[in-house]
1. Give the residue that is nearest to the chain's Cα centre (by Cα), with candidates limited to residues of region 124-141 that are under 17 Å from Lys174 (Cα atoms) and not in a helix (DSSP H, G or I).
2. Pull out all pairs, ordered by first then second residue, where Cβ-Cβ is under 9 Å, the residues are six or more apart or on different chains, the first lies in region 518-536 and is among the basic types (Lys, Arg), and the second is part of a strand (DSSP E or B).
3. If the requirement is being within 16 Å of Arg447 (Cα to Cα) and either touching a residue at least 40 places away in the same chain (Cβ under 8 Å) or away from ligand 1 (no atom under 12 Å from the Cβ) (or both), which of these qualifies: Ala555, Ala566?
4. Pick from region 42-69 the residues that are closer than 30 Å to Asn13 by Cα and among the polar types (S, T, N, Q): which of them is nearest to ligand 1 (Cβ to nearest atom)?
5. Would you tally the residues in region 283-304 being of a type outside the set (S, T, N, Q), part of a helix (DSSP H, G or I) and touching a helix residue (DSSP H, G or I) at 6+ places or on another chain (Cβ under 6 Å)?
6. So Arg314 ticks every box in (1) out of contact with any Phe, Trp or Tyr (no Cβ under 6 Å at 6 or more places or on another chain); (2) assigned to a helix (DSSP H, G or I); (3) more than 16 Å from Val389 (Cβ to Cβ) but one. Which box is left unticked?
7. Please verify whether Gly454 is of a type in the set (Gly, Ala, Ser), more than 16 Å from Met539 (Cβ to Cβ) and part of a loop (DSSP other than H, G, I, E, B), treating the condition exactly as stated.
8. Condition check: more than 16 Å from ligand 1 (Cβ to nearest atom) and crowded, with 22+ Cβ neighbours inside 10 Å. Does Val452 satisfy that?
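Where a number appears in this text, it was derived from the coordinates with a stated rule and is not lab data. Keep in mind the model is a prediction, meaning the values are calculated, not measured. A quick note on method: Cβ atoms are made from the backbone with ideal geometry, for glycine too, and the neighbour counts reach across all protein chains shown.
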Amino acid sequence: MEKKLLLTKKEFNIKDATMCESTAQMLRKARRDGVETAFDRAANMKACPIGADSACCKHCAMGPCRLNSRDPYGKVGVCGATIDTIMARNFGRMVATGSACHNDHGMAMLTLFRDVVNGKITDYRIKDPLKLEAVATSIGIDVEGKSTHEIAVALYEELEKTYTQVEGEIPFAKRVPAKTLETWRKHGIVPRGAMREVMEMMGRTHMGVDQHYESITRQCSRTALADGWGGSMVATELGDILFGTPSPVSVEIDMGVLKEDQVNIIIHGHEPNLFESMVESVNEPTLIETAKKAGAKGINLVGMCCSGLEMFVRHGVPHAGNFMSTEAVLVTGAVDAMAVDIQCIKQGLVRVADCYGTYLITTNPRCHIEGALHIEFEEHKPKVCTDEVVIKAITRFKNRKYPIEIPKQVSRGVHGFSHEYLQYMLGGTFRSSYTPLNDNIINGRIRGVAGVVGCTNPRVRQDWVHVELVKELIKNDVLIVQTGCSQVALAKAGLTTPEAALLAGPGLREVCETVGMPPVLGMGACVDNSRILMACSEMVKTGGLGDSLADLPVAGAAPEWMSEKAITIGQYFVASGIFTVFGVTFPIIEGTKFHKLLFEGLEEQGFGKWGFTPDPYEMAKMMIAHIDKKRKALGIDKSRERVLMDMGDRQNLDAA
Ligand code: BF8
Ligand code: SF4
């Protein structure tokens, strides 16, 4: 390489950094090429121990104040803030940021929907009018005798309240099981509108405002619920209405989907509209012709991270990998352009792209990156941007200067299990419902359901915690639902195929084989965690598994989380009633009052609770113990005796 860009010194062990073969291969190449990635930077940047415990505050200029995690009550900040106040405020700001991020995304989808409905945008249209009706009905809009257009206008007006309403309850609160909603009302945490909640969270965490960790926690819950049952749910539902509700499709995943003899374009980000238009642009005959003239066999469009997950189920677009592979994939030298929109776009991509002459193109007005090429995506003329991305990619293809090395790995898996499809899949066309799922949980074939979601993080071995956790859970008859980078990890590991049922316990295996489904159900991007909330609500409404979400034999995990959005998601699952375990690290000191509230107290109040362990086996144990506790409370624990896997079982599994 011409540019030696390795700024960091300490080398890390590639085998310990990732279990993704293609990422490992590219990290070896990066090392040869002298190119640095987040893996190098993580090895050379010790995580700040004070920040990791959230024991510092910089909310005013009397500080910044640093408390001692080993003696958390030995000191207070200059203003007198205790460790609980400081940690709760920091946590609250993470929740506010994560909620803002998803709500901002959801609001962009709403604006798009509005302009499609009022005819200002003509490149998109309502693709799923049945879903439109279903969503409208679910929040009390009368659809009888109304045209699609009229329903859409009414839905727009109602859903706008998700963001802008200042008093009352957000529209999707109507979908929450009655007893769960009652608990929220009792504690005063039903979100009013996302803007109000995020604003209040920020205001309350200013110096000298809310200084009681319990009260801050209530606002954390309200702000987080405004994400899960608010902005994220709006993003999911409108995405389905505009672009189609996913149903299972077999798709290819991993870096082997890149093609040396084609123009390779990667879309990485979160909003489906950019990607939808890219699909159009790469199918544009004149652009295909231009690519062929440049010597390419065609144009190969590939997704990464969350928008990739939305697209592969809607259009069968292949997927190249998750968050910790976004730099590595550029090291192939085969990527002609990577166009990004918002969220989880590492600034480090600019330098890696630069090393290989790849165009890194920012497209969203809210995400510019120094050194990247900005071609703004404008929804009223979407093709202007996406055609230009294709043209840039073709130019780079023509002038490819560097040797190309594409890892061979490709996995095939089945993805696209929307909560609507789950009903159909389990119940069939004529009795489409959640009853068969509930029945199989009650009779013990399925022990419970676990949502395994979230990021990858260079502080732990990429994909490994996700994969080990899921293997352990399915072995114990726990059905898995997935979103985000976690879903990508399991797909690469081959666990999203019906054949993966062989690794499941006898009960889950039987159900999977009968239905022909994988034991690991991919539901989509991180905003699609709202699909998991809906599936859980359907389980409660179907009956036999308690009256509230907190009664369900269900648990959640984000084993390799890194983003503030993940914290928000965790908090809305907890506030909804779900036990949620995080790996990697947890930004709170154990043994403090705030810690006790999140890890025990909330459950006593009728919510879920947090759990933490970096170890996947311990994590599985905690989740299974929780599922069993809920089964016992429901009186369905006697159905079947279970044993936890021992070391021998695990070795057998690895050998298999
Ligand atoms: O929203 S799982 S690394 S890409 S934050 Fe980001 Fe985490 Fe991936 Fe999607 Ni979600
Ligand atoms: Fe220190 Fe209090 Fe200011 Fe925080 S708000 S920096 S604890 S003085």
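1. That would be Ile139.
2. Between residues of region 518-536 that are among the basic types (Lys, Arg) and residues that are part of a strand (DSSP E or B), the close pairs are Arg531/Val481; Arg531/Thr483; Arg531/Met523; Arg531/Gly524.
3. None of the other options fit; the residue is Ala555.
4. Ser54
5. Looking only at that region, the number is 2.
6. Only one criterion in (1) out of contact with any Phe, Trp or Tyr (no Cβ under 6 Å at 6 or more places or on another chain); (2) assigned to a helix (DSSP H, G or I); (3) more than 16 Å from Val389 (Cβ to Cβ) is unmet by Arg314, namely (1).
7. When the stated conditions are applied, Gly454 passes them.
8. Taking the combined requirement at face value, the residue does not satisfy it.
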